[in-house]
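The values are calculated or read from the model by the stated rules, or taken from the named source; none is laboratory data. If you're wondering where the values come from, they're calculated on a predicted model, not measured in any experiment. Every residue, glycine among them, receives a Cβ derived from its backbone with ideal geometry; neighbour counts consider all protein chains shown.
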Amino acid sequence: MAEMKPEIDSDAEAYSLGSNVDPKNVQELTIYVQNLLQNVQDKFQTMSDQIISRIDDMGNRIDDLEKNISDLMQQAGVEGGEK
């Protein structure tokens with residue numbers, strides 16, 4: 001009878017880090033992932049800074065709007081309760 005060889009799961013072999021892995025490739029992959037994560041972090045920080053800046057601008061505009069409304073109310077002779 002013919003001898004049966006067990007089939008090797010090609011997916012498992014592709015994802016395993018066997019002894020034939022080139023350390024240079026692992027190092028290049030590690031550097032690539034680190035650079036990718038750094039780029040994502042930089043973009044997140046930039047977006048976060050922009051959001052905070054826009055919130056600050058909105059707060060300043062609201063303060064100006066409240067002051068202008070208060071001035072208009074004083075000019076019109078309307079008594080306004082201050083907070």
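A search for C-beta distances below 8 Å between a residue of the range 16-39 that is at pLDDT 95 or above and any residue that is loosely packed, with under 10 Cβ neighbours inside 10 Å, counting only pairs 6+ apart in sequence or on different chains, returns nothing.
Inspect the range 59-69 for any residue being modelled with pLDDT of 95 or more, over 37 Å from the mean Cα position of the chain (by Cα) and either surrounded by 10 or more Cβ atoms within 10 Å (Cβ to Cβ) or not acidic (Asp, Glu) (or both) and give the result as yes or no. Yes: the range 59-69 contains one or more residues that are modelled with pLDDT of 95 or more, over 37 Å from the mean Cα position of the chain (by Cα) and either surrounded by 10 or more Cβ atoms within 10 Å (Cβ to Cβ) or not acidic (Asp, Glu) (or both).
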